[in-house]
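Student: Before I ask anything, let me first share the structure, which is written out below as structure tokens.
The values are calculated or read from the model by the stated rules, or taken from the named source; none is laboratory data. All values reported here derive from a predicted model rather than from experimental measurement. All Cβ positions, even for glycine, are placed from backbone atoms using ideal geometry, and neighbour counts span all protein chains on display. In case anyone asks, the SASA skips ligands and DNA or RNA and just uses the protein heavy atoms, side chains included. Shrake-Rupley method; radii C 1.70, N 1.55, O 1.52, S 1.80 Å.
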Amino acid sequence: EVQLVESGGSLVQAGGSLRLSCAASGFTADDYTIGWFRQAPGKEREGVACITTTDSDTFYSDSVKGRFTISSDNAKSTMYLTMNSLKPEDTAVYYCAARRGGSLTSTRAFGGMWPRTYDYWGQGTQVTVSS
């Protein structure tokens, strides 16, 4: 089974930077999409960014475009989310998730990432941005 473990969450001041890591194991194919979601207290889980293992195609939510960068190191089976210019509204538990399928056509067609389409989830890591 696919297992995902997030790390790197911390307390950071507004305007600062942080990098989250997601270590993956158990992949049995080469066509996966790996994504980052976040959930703040009282709010729905929100897709942040995702990347494909097939061709490293990426997708970002409007709220993080230009500030966050998703990347992957397939040799290390690790995916990263580099967060710059952090804002208090970025405060949330961040989750790493994965699904079968290495195309972002549906994601772009629907205009976002749907948590229900992701089959595997990490435990989450807390990111807190102070003002």
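Student: Can you send over the carbon and sulfur percentage of the accessible area for the stretch 78-131, probe radius 1.4 Å, protein chains only?
Tutor: Solvent-exposed carbon and sulfur of the stretch 78-131 make up 50 percent of the total.
Student: Here is a further query. At most 14 other C-beta atoms within 10 Å and a DSSP loop state: those are the exposed trypsin sites (Lys or Arg not before Pro) I care about. Give me the longest piece of the chain that has none.
Tutor: That would be 77-131.
Student: Moving on. If each DSSP helix of 4+ residues adds -39,500 (n - 2.57) and the sum is divided by the residues in the chain, what number results at 222 nm, nearest 500 deg cm²/dmol?
Tutor: My calculation for the chain gives -1000 deg cm²/dmol from helical runs alone.
Student: Still on this structure: So for the chain: antiparallel DSSP bridges make up what percent, rounded to the nearest 5?
Tutor: Bridges in the chain that DSSP calls antiparallel: roughly 95 percent.
Student: For the chain, what does the relative contact order come out to in percent, with C-alpha contacts under 8 Å and a separation of six or more?
Tutor: Computed over the chain, the figure is 35 percent.
Student: Hey, what's the chain come to in accessible area per residue, 1.4 Å probe, Å²?
Tutor: Ligands and nucleic acids excluded, the result is 52 Å² per residue.
Student: So if we plug the beta-carbon distance of Asp62 and Asp30 into 1/(1 + (r/R0)^6) with R0 = 41 Å, what FRET efficiency do we get, rounded to 0.05?
Tutor: The value I calculate is 0.85.
Student: Report, ordered by chain and residue number, the aspartates and glutamates lying within cross-link reach of Lys43, taken as a straight Cα distance under 15 Å and ignoring same-chain residues fewer than 8 apart.
Tutor: Answer for Lys43, where 15 Å is the Cα cut-off: Glu89, Asp90, listed by chain and number.
Student: Ok, one more. Taking +1 at the Cβ of each Lys and Arg and -1 at the Cβ of each Asp and Glu, which of Ala92, Ser17, Ser131 sits farthest along the dipole of the chain towards its positive end, judged by Cα position relative to the Cα centre?
Tutor: Most positive-ward Cα: Ser131.
Student: Provide the per-residue ³J(HN,Hα) series for the stretch 112-117, in order, calculated from phi with Karplus coefficients 6.51, -1.76, 1.60 and θ = phi - 60°, each as a whole number of Hz, with x at glycine and proline positions.
Tutor: So the Karplus estimates, Gly and Pro as x, are x, 9, 9, x, 5, 8 Hz.
Student: Under a Cβ-Cβ limit of 4.7 Å, which cysteines in the chain have nobody to pair with?
Tutor: If one checks each Cβ against the other cysteines of the chain, Cys50 turn up with nothing under 4.7 Å.
Student: Taking amide H positions as placed 1.01 Å from N in the peptide plane, with prolines and chain starts having none, which residues 5 or more places from Phe59, or on another chain, fall under 5 Å of its amide H?
Tutor: Amide H neighbours of Phe59: Cys50.
Student: What are the ³J(HN,Hα) values, in whole Hz, obtained from phi via the Karplus relation 6.51 cos²θ - 1.76 cosθ + 1.60 with θ = phi - 60°, for each residue of the stretch 42-51 in sequence order, with x given for Gly and Pro?
Tutor: Along the stretch 42-51, the couplings run x, 10, 6, 5, 10, x, 9, 6, 8, 9 Hz.
Student: Once you mark the GluC sites (Glu not before Pro) that are in a DSSP loop and have at most 12 other Cβ atoms within 10 Å, what is the longest gap between them in the chain?
Tutor: Longest site-free region, per DSSP loop and neighbour criteria: 45-131.
Student: Distance from a point 7 Å along Cα→Cβ of Leu11 to each backbone N in the stretch 47-89: keep the residues under 19 Å and list them by number.
Tutor: 86-89
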